[in-house]
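The values are calculated or read from the model by the stated rules, or taken from the named source; none is laboratory data. Everything numeric in this text was worked out from a predicted model, so none of it was measured. Counting neighbours? That spans all protein chains shown, and the Cβs are built from the backbone with ideal geometry, glycine included.
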Amino acid sequence: MPAAGPVHEFLRALPLVDHHCHGVSTADLPPGRFEPLLTEGGAWPGVSPFDTPVGVAVRRHCAPLLDLPRHAPAADYLARRSDLGPHEVNRRFLTAAHVEALCVDTGYTPHPGTSPAELAGAAGATAHEVVRLERVAEELAARGVTAGAYAAGFRAAAEDAVHRPGVVAVKSVAAYRTGFALDPERPAAAEVTRAAGRWLARGGRLTDPVLVRHLLWTAVDLGLPLQLHTGFGDADLRLHHADPALLTDWLRLTAGTVPVLLLHCWPYHRQAAYLAAVFERVHLDVGLTLHHTGPARARAVLEEALEITPFRKLLYSSDAYGVAEFHHLGALSFRQGLAGMLQARVDADELSLSDALRIAAWTGRDNARRLYGLPENDPARD
């Protein structure tokens, strides 16, 4: 039975702004392709991804949207998903998420997958784009830029990308490529040229520390909100290099410039909360943590994230990728977790009800609207 109380009722009705997510697959996903998408670790021989906290949450909270009983067996779940087909599955889960706007990272997409407009159409929402800057740099390298022209070429390519209609932010995955233990200073032009020469001769992904620093400082120059992956991800990441506290010196140097959005953060969400509490332009979410824990533990994660975070600094994101279930499960976990926390504080007389409802609206929708300049009344909900 759903939890009751005025905060729960308010959050169930509140259309969310998902400030960081990805597209979903438009292909039929047989077990061998669906199951690896459930976890950051993929699928291992003899171990089902359904036998994880997120797998259990999918069977409990997503099965009813496929007309199955709660806790339906994995085989039944997969068979029903296949029977309905990807279009109907995506429509059901995206509609159930009840979002009014989606900020979509287009730098990492499932193939074949939804465009931002297709994702928003299935959700009954509006779409906005987040430009991944590493992809801009790698596309520039693929076009044959010279080392001497790299710095100016990257700046021009990034400016072209952010001036596309609907772009509201940029993103970096520096946490994956180098980690955050970087020299915080802006690199000199000659240093960038030498580093570009090394990278262009070697090829491959952008992993040079000097060029990653240059990318981050270029992001500041672009003037849009900057999203940074922090905390856990897949096995390509060295987790201890993704602690956002390592950004402290860089945040000091860039104070007063662009909003910095720390994505996901777990298990460093307390470090991220500290940064948000002491740096004016730092904000955070707990992102994919919510669907990986599911509603059973979402409240605990949000309680820790909000121990010292100013209430205008926490945003909602699903970081859903590949499977539409994560759009629904992320939103459900956020609503239930935040409502449980706020309602408990109201019941204990630690918050007034009006304060709790303001915090719920700020976190679920209005903080993102303000930071990204989104319209107050989204036409998708008129």
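Within segment 193-236, track down each residue that is in contact with a Lys or Arg (Cβ under 7 Å, 6 or more places away or on another chain) and of a type in the set (S, T, N, Q).
THR207, THR218, GLN227, listed by residue number.
Would you mind finding the one in THR363, THR293 that is among the polar types (S, T, N, Q) and touching a residue at least 60 places away in the same chain (Cβ under 8 Å)? Steps first, answer last, please.
On the way: THR363 fails: touching a residue at least 60 places away in the same chain (Cβ under 8 Å).
The match here is THR293.
Looking at segment 58-111, which of its residues are at pLDDT below 95, surrounded by fewer than 17 Cβ atoms within 10 Å (Cβ to Cβ) and out of contact with any helix residue (DSSP H, G or I) (no Cβ under 9 Å at 6 or more places or on another chain)? Write out each step before concluding.
As a first pass, look at segment 58-111 and keep what is at pLDDT below 95: 108-111.
From what's left, surrounded by fewer than 17 Cβ atoms within 10 Å (Cβ to Cβ): 108, 111.
Scanning segment 58-111 gives a single hit, HIS111.
Tell me yes or no: at least one residue of segment 342-355 is modelled with pLDDT of 95 or more, among the small types (Gly, Ala, Ser) and in contact with a strand residue (DSSP E or B) (Cβ under 8 Å, 6 or more places away or on another chain).
Residues of segment 342-355 that are modelled with pLDDT of 95 or more, as a first pass: 342-355.
Subset that is among the small types (Gly, Ala, Ser): 344, 348, 352, 354.
Then keep just the ones that are in contact with a strand residue (DSSP E or B) (Cβ under 8 Å, 6 or more places away or on another chain); that gives none.
No, segment 342-355 contains no residue that is modelled with pLDDT of 95 or more, among the small types (Gly, Ala, Ser) and in contact with a strand residue (DSSP E or B) (Cβ under 8 Å, 6 or more places away or on another chain).
I'm trying to understand the selection: among the residues of segment 1-31, which are of a type in the set (Gly, Ala, Ser), free of Cβ contacts under 8 Å to residues at least 60 places away in the same chain and part of a loop (DSSP other than H, G, I, E, B)? If you could, list the steps in order and put the result at the bottom.
Going residue by residue through segment 1-31, those that are of a type in the set (Gly, Ala, Ser) are 3-5, 13, 23, 25, 27.
From what's left, free of Cβ contacts under 8 Å to residues at least 60 places away in the same chain: 4, 13.
Selection gives ALA4 alone.
Just for helices (runs of 4 or more DSSP H) wholly inside segment 261-342: which have at least 2 residues that are more than 30 Å from ASN90 (Cα to Cα)? Give the steps one after another, and end with the answer.
On the way: elements: 269-278, 289-293, 295-305.
Result: 269-278, 295-305.
Run down GLU280, GLU303 and say which single residue is of a type in the set (Asp, Glu), surrounded by fewer than 18 Cβ atoms within 10 Å (Cβ to Cβ), more than 18 Å from ARG365 (Cβ to Cβ) and in contact with a helix residue (DSSP H, G or I) (Cβ under 6 Å, 6 or more places away or on another chain). Before you say what the answer is, go through the steps one by one.
Values: GLU280 fails: in contact with a helix residue (DSSP H, G or I) (Cβ under 6 Å, 6 or more places away or on another chain).
After applying the criteria, what remains is GLU303.
In segment 119-199, which helices (runs of 4 or more DSSP H) lie fully inside it and hold 1 or more residues that are of a type in the set (Ser, Thr, Tyr)? Steps first, answer last, please.
Values: elements: 133-142, 147-162, 174-177.
Answer list for segment 119-199: 147-162, 174-177.
Quick test for you: out of ARG270, ARG252, pick the one residue that is closer than 20 Å to LEU338 by Cβ, surrounded by fewer than 19 Cβ atoms within 10 Å (Cβ to Cβ) and of a type outside the set (A, V, I, L, M, F, W, C). Break it down into steps so the answer makes sense when it comes.
Details: ARG252 fails: closer than 20 Å to LEU338 by Cβ.
Matching residue, one of ARG270, ARG252: ARG270.
Contact list please: Cβ distance under 7 Å, first residue in segment 69-80 and within 16 Å of ASP28 (Cβ to Cβ) and without any contact (Cβ under 8 Å) to a residue 60 or more places away in the chain, second residue aromatic (Phe, Trp, Tyr) and surrounded by 15 or more Cβ atoms within 10 Å (Cβ to Cβ), pairs at least six apart or on different chains.
Note: pairs meeting the criteria are LEU78/PHE34.
On the given criteria, is ALA196 within 28 Å of GLY373 (Cβ to Cβ), among the small types (Gly, Ala, Ser), buried (at least 18 other Cβ atoms within 10 Å of the Cβ) and in contact (Cβ under 8 Å) with a residue 24 or more places away in the chain?
Values: within 28 Å of GLY373 (Cβ to Cβ): no; among the small types (Gly, Ala, Ser): yes; buried (at least 18 other Cβ atoms within 10 Å of the Cβ): yes; in contact (Cβ under 8 Å) with a residue 24 or more places away in the chain: yes.
The answer is no for ALA196.
Taking only pairs six or more apart or across chains, which ones have beta-carbon atoms under 6 Å, a first residue in segment 41-53 that is part of a loop (DSSP other than H, G, I, E, B), and a second residue that is of a type outside the set (A, V, I, L, M)?
Going by the 6 Å Cβ cut-off, the qualifying pairs are GLY42/PRO36; ALA43/GLU35; ALA43/PRO36; ALA43/PRO49; PRO49/GLU35; PRO49/THR39; PRO49/GLY55; THR52/THR39.
Taking segment 333-348, which residues are surrounded by 24 or more Cβ atoms within 10 Å (Cβ to Cβ) and either of a type in the set (A, V, I, L, M, F, W, C) or within 23 Å of GLY85 (Cβ to Cβ) (or both)?
Within segment 333-348, PHE334, LEU338, ALA339, LEU342 meet the criteria.
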